[in-house]
Each structure stands twice: as structure tokens, then as C-alpha cells.
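The values are calculated or read from the model by the stated rules, or taken from the named source; none is laboratory data. Please read all numbers here as calculations on a predicted model, not as lab measurements. All Cβ positions, even for glycine, are placed from backbone atoms using ideal geometry, and neighbour counts span all protein chains on display. In case anyone asks, the SASA skips ligands and DNA or RNA and just uses the protein heavy atoms, side chains included. Shrake-Rupley method; radii C 1.70, N 1.55, O 1.52, S 1.80 Å.
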Amino acid sequence: MFAKSGDQFNFFLPPYVVFGRGVRSTIPQYAQRLGMRRVLLVVDPFFIETDYFAQIQNGLQKSGIATTSWSGVEPDPTDVSVDAAANTYKKADCNSVICIGGGSGMDTGKSVAIMIASGAESIREHTPPTNRSVNGMVPTICVPTTSGTGAEVNPYAIVTNTLTGRKGLAYPGWELLSAQQVAIVDPELAASMPPKLTAITGVDALCQAMECYLTYTPNPISDDLAFRSIYLTAHNLREAIYSGQDITARTNMSLAATLATMAFPNAGLSYPHHLNEVLADTFHLPHGVAVGSVLVATLEMLLAYKTERLALLATKAFDVPANGYSQLSLAEAGIREVQRLLADINFPTLSQAIGQAKVDIDALLADWTAREPQFATPIGQERARRILKRSLEF
Ligand SMILES: [Fe+2]
């Protein structure tokens, strides 16, 4: 967590973050500051029915900002839905976007902003990504209604190109920019998440932070953000699930999600997220389940290489007493604490998640190689095989 002489790193600073209970009331204020006059509200279908949404919409209208709502968000957005949202934007002659939802809703809204800024006719022009230039960004605000994906602060959107069938980042070529200028993170909006969704999104945040902390390209800033995120999840996820009205636990999970996603675009992720697409697509798993179901086996695989960091996590984030034990013993105890956390929240193992589906590890790895050749090196393949095999033993 300290810089060493000779360290070099780059760091993407995420958008302006407004965080805390009730900060949704500041949305009109930031909309005005960004010059929003006619805004497209890209909103998750379930959220459009809520009183919270009505409050947000009324607040904007009272501030003289015209609104058009679009709620056709798909769970894993495709170019079809993103293009439909962009057409609504153009027809209503909007000049700005507010994305209100979980990761899919925010990725859809951010993609609309990118399309409009670049003049693209379809988001397919950005999937796979290009370094296409932009003439100024569209004023955009993200308002998360879950605590997990962190899409409100990351500079990406994940969209499936239906012509190629590939899911991919819509604009990583633009890492020096993010679509959104402001993220308004109000934990009260996430407090209505049911226990299962709280678990899935919370474990996604945990994976993002742990993978980032154990990556081979860490930096001092991402380390601190990821470490704090892990600590917050270790101490609050159970409460957020089993005592959903515990607003302190909800607040800390919202913070954990935001911190994890400030960190990982700057340091990278590990096998759970690298294997996510193959697992999620093959077995039709939600993103958080796909990554969480291989987390423990990944930590076991990393034990020999990341002993010191795992030991530090054990004692400082998961409260394992040091008691003079060796680094290796502490690191192992830390992994068991992660396993205990997942068991306590009834998070499915890989076998439970895929049910009766047959697993062909060779086929999974071949698919992975085709999709992510940059990760599927010979060493990467061998480690991924170990992780998949081990994950099926739990
Ligand atoms: Fe994730």
C-alpha cells in the first residue's frame, strides 16, 4: 500500500461523486450545473414504478428540465436496446442523459451518451471498441439503484453486439474519458434490493476488490481503495442481506461497491472476471454468481504467489487474530473467512449454480481462448483449469 522508489503507474480518476443518504435530492442541482435542458431518463423497468423515480422526475421538472423516460433496459444490454434508447433520445431532441438503475441500466445510458457524442448510428460502431474521436461529451449523470457493479464510476459499458454475438466493452478506447460527469450514490435507493440481489451484487463488489488487490499490476491508490472496499464488505454484507433495513450496512455496501470500481479499472482484475463471460453465457448465470462461484478457488490458486497480501487481508479486513502464526497460515485462514462469508449468505457454489448442467472443462477453456486470447496463455489456461476443477469440488 506504499509506493516504492521507481514505481510508475497511471490512474483514472472517476467522475465527481456525490455520496450519502438522501443525495438523490441533489440530482436537479447537478443537472442544471451540467446544462441539462431536455434529459433522457434511462431507467430500469422495475424502478420506474417506484415513488423514488417519481420524486426524481418531479424534482427535475420543477427545476425547468424537460424529461423523457425510457425503461426498456435489458438485463444484459444488447445493441438493439441501446440503439432504441438512442432513437428515443434523438426523437425527443434531448441534450443529456441520466442513467438510473443497476449495471445494465447505467451501461445502457452511458452507451447512449457515447453514441450521441460520437455521432454513431448504432452502438455496434463501438463494439468492438474503436478510438473514434468525440466532439465534446453529452452531459450525463449516473444514479445507481444497486450496490455492486460500480458502473456509476467506471469508464466502461458492456453491450452485446447481436450481429457478432459477442459481449464486449463498448468504449475502453476512451479510458481517458468517462461518459458520465457525475455519479450520485444514494444508499437509500439500494436499500430496497431483496436479499438475493443484495448478495449477488455485494459478491460482485467483493470479487472486483479482491481481484484488484491481488492483481499483478497494483498501484498504491488502487490498493487503498480495494482494501477499504474488502473491509467494508467483510463487515457489512451479512447485515445488508439479513437486516435489509440496516441503513448503516446498506451505506457501507454502497461505499464498498463504489470504491471497488474506482480501483479496478486502474489495476485490473483476475480469473473470476476473466472467466465470467464464458461461465455466464454457458450456464446462464448472473454476472455476480459467475464471478463469485470461482472466487475461493482463485484465492487458493493465488495463495503461493500472493501470500503476504492474503495474510494482510486476513488480519486487517477479516479480523483473523495474528497470534504469531505464519504468513501462509494467516493467508489460508483469510481464504476460509471468504468461504465462510459466502456460506453465511447462502451464496451458491459453482455446482449449485449450474445445477444439472454438464461441465466440459476442455470446451469451456476452448471457448475462453477464442473470446479472451490475451488471458488464455498456456499458464493462464493451466490456472483456469485448476480453478474450474476446484470450484466444482465445493
Ligand atoms: Fe463485476
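Run the quick spin-label model on T50 and E121: label points 7 Å from Cα toward the beta carbon, then report their separation in nm to one decimal.
Placing both labels 7 Å beyond Cα along the Cβ direction yields 3.8 nm.
Over segment 195-391, one equal point on each Cα, no solvent: what is log10 I(q)/I(0) by the Debye formula at q = 0.17 Å⁻¹?
For segment 195-391 at q = 0.17 Å⁻¹, log10 I(q)/I(0) is -1.14.
List the chymotrypsin sites (Phe, Trp or Tyr not before Pro) within segment 268-351 that DSSP assigns to loop and that have no more than 13 neighbouring Cβ atoms inside 10 Å.
Y305
For a test of the definition: using alpha carbon positions, the gyration tensor, and the 1.5 limit on a/c, classify segment 110-232 as rounded, prolate or oblate.
prolate
Under the definition of Cα pairs under 8 Å and six or more residues apart, what whole-number percent is the relative contact order of the chain?
Here the relative contact order equals 14 percent.
Tell me, what does the Kirkwood hydrodynamic radius of the chain come to in angstroms if you use every pair of distinct C-alpha atoms?
One decimal place: 21.4 Å for the Kirkwood radius.
Once neighbouring chains are kept in place and the probe is 1.4 Å, which whole percent of the accessible area of the chain is contributed by carbon and sulfur?
Heavy-atom surface of the chain belonging to carbon and sulfur, 1.4 Å probe: 54 percent.
Using +1 on the beta carbon of Lys and Arg, -1 on that of Asp and Glu, and nothing else charged, what's the dipole of the chain about the Cα centre, debye to 20?
Rounded to the nearest 20 debye, it is 440 debye.
What percent antiparallel are the DSSP beta bridges of segment 16-190, to the nearest 5?
Taking every DSSP beta bridge within segment 16-190, about 15 percent pair in antiparallel fashion.
So for the pair K91, A3, with labels modelled 7 Å out along Cα→Cβ, what separation do we get in nm?
Using points 7 Å along Cα→Cβ, the separation is 5.2 nm.
Computed on alpha carbon atoms, what radius of gyration and Dmax characterise segment 16-190, expressed in Å?
14.6, 44
Hey, can you find the accessible area per residue of segment 16-190 for me, probe 1.4 Å, expressed in square angstrom?
38
What does the charge dipole of segment 1-105 about its Cα centre add up to, to the nearest 20 debye, if the Cβ of each Lys and Arg holds +1 and the Cβ of each Asp and Glu holds -1?
580
Given a 1.4 Å probe, how much area per residue of segment 234-391 is accessible, in Å²?
43
Only bridges with both residues in the chain count here: give the DSSP antiparallel percent, nearest 5.
So the antiparallel bridges amount to about 15 percent of the total.
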